[in-house]
Amino acid sequence: MGTVKIGDAISAGWNIYKDNFGLVFLGCLITWLVSAVSCNVCLGPLLCGMFMVLARIIKKSEPKPEVGDVFKGFDKFLPAFLLVLVCGICYFVLQCILLIIPIIGWILLFIVAFAYGPILTWALMLIANRDMKWTEAVGFVLKATFNGKFTMPIVLGILAGIIGGVGIIACGIGIIFTMPLAVCIYAAAYEQVFGGEGGATSAEAPVEPEVVA
């Protein structure tokens, strides 16, 4: 079981992006364009496909992945789609509830808003790389988060999101260059945490990570 090292994950993510810019950039661009056209129906599956591509890059698998391999995420369409759909509905309902609760509700909403993206993304990576059911994936991440054993992966996810969002400063267009970096950082962090466990499937639940600042 690996440890989460934020600095190393960000550095490794940058190197993955830099060394595979064309593949990563085009793969992410296709993911977001198709997701936009499909009203986000394809977002979960295509993100799974992108993480599958990045896993092959990190492991230097042969044959080397191609841009079109992002569509292999459709092999995991149902769990990825359900994860995004159900989590999105739950987030919306929780948001509506917390908004009507003064002070405490607003504080909790702020925390939930920051944690939602990382929790969803880590669950997607478990679906992509371990063929887990969506309930198993999100259940594992939530359990590990609530018992404090997934704190650093969530913090890493928040930082990745901030890094990815920096591109908004450049009239918004820069985000198409910075968000792929965030995806690479996530993939590098996943390799730190779960890369040494081989190809365990849902039948072999991943071990909860150690944490290192």
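List of remarks:
- Considering only residues in the stretch 3-49 that are farther than 26 Å from residue 194 by Cα and among the hydroxyl-bearing types (Ser, Thr, Tyr), the one that is surrounded by the fewest Cβ atoms within 10 Å (Cβ to Cβ) turns out to be 38.
- Among the residues listed as 97, 103, 154, 158, the single one being at negative phi and more than 12 Å from the chain's Cα centre (by Cα): 97
- Among residues of the stretch 132-158, those that are in a loop (DSSP other than H, G, I, E, B), modelled with pLDDT under 95 and within 17 Å of residue 83 (Cβ to Cβ), counted: 1
- The stretch 29-56 residues that are under 16 Å from residue 131 (Cα atoms), paired with ones that are among the small types (Gly, Ala, Ser) and surrounded by fewer than 24 Cβ atoms within 10 Å (Cβ to Cβ) (beta carbon under 7 Å, 6 or more apart): 46/35
- Selection status of residue 178, among the polar types (S, T, N, Q), within 19 Å of residue 47 (Cα to Cα) and surrounded by 17 or more Cβ atoms within 10 Å (Cβ to Cβ): yes
- Close contacts from the stretch 119-140, counting a first residue that is under 17 Å from residue 56 (Cα atoms) and a second that is surrounded by 23 or more Cβ atoms within 10 Å (Cβ to Cβ) and polar (S, T, N, Q), with Cβ to Cβ under 8 Å and a gap of 6+ residues or different chains, come to none at all.
- Looking only at the stretch 57-68, residues that are more than 16 Å from residue 130 (Cβ to Cβ) and either β-branched (Val, Ile, Thr) or surrounded by 18 or more Cβ atoms within 10 Å (Cβ to Cβ) (or both) come to 3 in all.
- Filter pass, residue 64 being part of a loop (DSSP other than H, G, I, E, B) and more than 20 Å from residue 189 (Cβ to Cβ): yes
- Any hit, the stretch 158-165, residues being buried (at least 17 other Cβ atoms within 10 Å of the Cβ) and touching a Gly at 6+ places or on another chain (Cβ under 6 Å): yes
- Failed criterion for residue 95 (all others in (1) free of Cβ contacts under 8 Å to residues at least 40 places away in the same chain; (2) polar (S, T, N, Q); (3) closer than 19 Å to residue 41 by Cα hold): (3)
- From the list 53, 37, 41, 67, the one residue that fits, being in contact with a Lys or Arg (Cβ under 9 Å, 6 or more places away or on another chain) and within 25 Å of residue 177 (Cα to Cα), is 53.
- The numbered conditions (1) under 27 Å from residue 192 (Cα atoms); (2) in contact (Cβ under 8 Å) with a residue 24 or more places away in the chain are all true for residue 86 except (1).
The values are calculated or read from the model by the stated rules, or taken from the named source; none is laboratory data. All of these numbers come straight from a predicted model, not from anything done at the bench. Cβ sites come from the backbone with ideal geometry, for glycine too, and all protein chains shown count toward neighbours.
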